[in-house]
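Novice: Encoded as structure tokens, here's the structure I'll be asking about.
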Amino acid sequence: MAEKVQVKKGDQVLILAGKDRGKRGKVLRVFPGEGKVLVEGLNKVKKHQRPTSKVMQGGIIDQEAPIDRSKVMLICNKCGRPTRTSRRVLEGGRSVRVCRRCSEIVDR
């Protein structure tokens, strides 16, 4: 069953735990089935890459690994601070995410 993930692709997030605690980054991809997110430039791991037809150069490469959704927190566009979100339904029935600190709409 897919877990609910409060962040979307393109959101700025703060890392709450782990070796990159306190760093900020942009969400590249969300894996709702696993409850994980991929953050640009953070949670780097070493991968041993064998030379193939696509990748001619083999060796040890650095790449981002997914991090659990509970270890990241959304950063509000307006106040610039990490925040939880709530939902608000606008006229027309559209549901948007709202910052709990400054009550501004987070969705673009």
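Novice: So in the stretch 30-60, with the set limited to residues that are charged (D, E, K, R) and over 14 Å from K9 (Cα atoms), which one is surrounded by the fewest Cβ atoms within 10 Å (Cβ to Cβ)?
Specialist: In this case the residue turns out to be K54.
Novice: Also, I was wondering about something else. Identify, please: which residue in the stretch 5-59 is in a loop (DSSP other than H, G, I, E, B) and touching a helix residue (DSSP H, G or I) at 6+ places or on another chain (Cβ under 8 Å) and is, among those, modelled with the lowest pLDDT?
Specialist: Only one residue tops the list, namely V5.
Novice: Which residue out of R97, R69 is in the same structural domain as R21 (by TED's automatic domain parsing) and closer than 21 Å to L38 by Cβ?
Specialist: R69
Novice: Mind checking which pairs have a first residue in the stretch 1-17 that is closer than 15 Å to G33 by Cβ and assigned by TED's automatic domain parsing to the domain that holds D68 and a second that is surrounded by 13 or more Cβ atoms within 10 Å (Cβ to Cβ) and among the aromatic types (F, W, Y), Cβ under 9 Å, 6 or more apart or different chains?
Specialist: V5/F31
Novice: Could you please give the count of residues in the stretch 65-106 that are part of a loop (DSSP other than H, G, I, E, B), touching a residue at least 12 places away in the same chain (Cβ under 8 Å) and farther than 19 Å from D20 by Cβ?
Specialist: Count: 11.
The values are calculated or read from the model by the stated rules, or taken from the named source; none is laboratory data. Note that this is a predicted model, so its numbers are computed, not measured. Note that each Cβ is placed from the backbone with ideal geometry, even for glycine, and that neighbours are counted across all protein chains shown.
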